[in-house]
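The values are calculated or read from the model by the stated rules, or taken from the named source; none is laboratory data. Quantities reported herein were computed from a predicted structural model and do not represent experimental measurements. Ideal geometry is used to build each Cβ from the backbone, glycine not excepted, and the neighbour counts take in all protein chains shown.
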Amino acid sequence: MITVTWRDLVGSDYGPGMDQPVDLTHLRAPAICTMCRTMGVLLTRGVALGGPSPDQPSQFYGKGAVTAHNVGAAIDIFYHRDNDAKRAFANALVELFIRYRASVGWGWMAYNRVEFNQRGVGVPDDPHLNHIHVDWVDGQKTVRSRTLGSFTYNDGLGLKTKTVGSYGQDIAMTTNPAADRAAPGDFAAAYEALCSGWSAETAKRYQGYTTSNFDAAYAGLAAGSDLSWLLGWWEVWDGNYYYYYFDHGGRVVYIETKPRSAATPAPAAPHNKGSYTFNASGALVISWNALPGLAATIETFYNAKSGALLMNATSNQYSPLVATRLR
Ligand SMILES: [Zn+2]
């Protein structure tokens, strides 16, 4: 967790009459959160896989005020909305961030006159026409002064004045818990699939995206079409511990040694493999491959649902199971 306050930036608490310049040269390299750092690395892989190249490399931090960037918890991804092909890819990327918002854990996002928060879309103060802004800030912990209408700062080239309007100026900002995690494997897989499958046809589909398309992406998650809540590791107990790893392709494997963290990739040598599907009543059904001397085991997680952190199952061979999301 990283907190940056106005005091960190200017060396004193801000006062309404403050007209001192804010020199942020000492912020040339603020601490960048783990999520931003690893997300930045992930996003540079897209071009080699077939995704359109950004207009400039991603930026992690800015200058001038207490912002998500100066907490080291934001990335700007540059795809200008005036270019059809770049806008198409940016829209696809935004949709991906919406679909995986549970596992990626971003706090706020904006692109092309639309803002994206945890619940849906809105209108941002800054239109964000040439880049997607994604951040991992805890909005609940942002302290804002409503009495400061504008402030003066030094951006390294000279004095600048920024008007912050009626919403005031942020004077303290803190990263959210997801900022301390690495970019998740399920999002990475989906991003790489998007890039490697990118075509003129896909671009055409995403080119004309509007807010209603993004509304649909939010709704899709609520309807359970997105499996980010399930993908990755679960700790399963039936008297012994097992560690299940669910992937995108309907495959599940298990090992008996606890993975180092939720970010650990799929095991190379699992104890057994199986497949999973959802039956008509919404239960998650795993079919494990038969092993020598053992019939195929079927486990039915009857209370599996989007956002679940715990699931219970019956087995056609063994005792009931309890699965807990590995965090
Ligand atoms: Zn930004």
Practice item. Scan the stretch 276-300 and report the pairs whose first residue is free of Cβ contacts under 8 Å to residues at least 40 places away in the same chain and whose second residue is assigned to a loop (DSSP other than H, G, I, E, B) and of a type in the set (Val, Ile, Thr), with Cβ atoms within less than 6 Å and a gap of 6+ or a chain change. Key: Trp288/Thr297
**Study point:** Restricting the stretch 117-153 to residues that are surrounded by fewer than 13 Cβ atoms within 10 Å (Cβ to Cβ) and β-branched (Val, Ile, Thr), the residue that is farthest from the ligand (Cβ to nearest atom)
**Key:** Thr147
Exercise for review: Restrict the check to the stretch 103-117 and report whether at least one residue is touching a helix residue (DSSP H, G or I) at 6+ places or on another chain (Cβ under 7 Å) and either assigned to a helix (DSSP H, G or I) or modelled with pLDDT under 85 (or both).
Suggested key: yes
Review point. Looking at the stretch 178-199, is at least one residue touching a Lys or Arg at 6+ places or on another chain (Cβ under 7 Å) and within 16 Å of the ligand (Cβ to nearest atom)?
Key: no
Exercise for review: Go through (1) outside any loop (DSSP other than H, G, I, E, B); (2) more than 9 Å from the ligand (Cβ to nearest atom) and name the single condition Asp76 misses.
Suggested key: (2)
Check your understanding: Would you say Phe89 is assigned by TED's automatic domain parsing to the domain that holds Trp198 and more than 16 Å from the ligand (Cβ to nearest atom)?
Key -> yes
Practice item. For Asp170, state whether it is at pLDDT 75 or above and in contact with a strand residue (DSSP E or B) (Cβ under 7 Å, 6 or more places away or on another chain). Key: yes
